[in-house]
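*Asks:* Quick one: the structure is below, questions incoming.
The values are calculated or read from the model by the stated rules, or taken from the named source; none is laboratory data. Keep in mind that this is a model prediction, so the values were computed, not measured. Glycine gets a Cβ as well: all are built from the backbone with ideal geometry, and neighbour counts include every protein chain shown. Areas reflect the complete protein model, heavy atoms only, side chains present, ligands, DNA and RNA absent. Shrake-Rupley method; radii C 1.70, N 1.55, O 1.52, S 1.80 Å.
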Amino acid sequence: MKNRIEGATIGAAVGVGVALVGIPAGICALGFTAAGITAGSVAAKMMSAAAIANNGGVAAGSAVAVLQSIGAAGFSLGAKIGLTSMLGPLGAAAGATLFKGKTTPDDEPK
């Protein structure tokens, strides 16, 4: 039982970490930064494709526009709460499942 609780705790921490640090870092790595879209990046290719598809402009609310907004300003408080509320318990469930079959001497009946 102790291993499952520890696994759930670690999984929840990883889930929250991914939500608050990993996703924004990944978006930045794609080329969506506070300074704008990085030349030659995946973001630049996405923006080019979106502009070609929309006769020279990028539509408001499109994937490129939303990712650039996140890259420039980060997630809103509501998005942070939503992501941590979703990924924290998901990570906890995954962690508890991974440690499900393992027992410690404390788990054995006395």
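*Asks:* Just one of the numbered conditions (1) open to solvent by less than 80 Å² (accessible area, probe 1.4 Å); (2) within 23 Å of Ala73 (Cβ to Cβ) is not true of Ala12; which one?
*Replies:* (2)
*Asks:* Any chance you could count how many residues in the range 43-89 are outside any helix (DSSP H, G or I) and out of contact with any Lys or Arg (no Cβ under 9 Å at 6 or more places or on another chain)? Don't jump to the end; show me each part of the working.
*Replies:* Within the range 43-89, the first condition is being outside any helix (DSSP H, G or I), and the residues that meet it are 54-62, 74-76.
With out of contact with any Lys or Arg (no Cβ under 9 Å at 6 or more places or on another chain) added as a condition, the list becomes 54-62, 75-76.
So the count comes out to 11.
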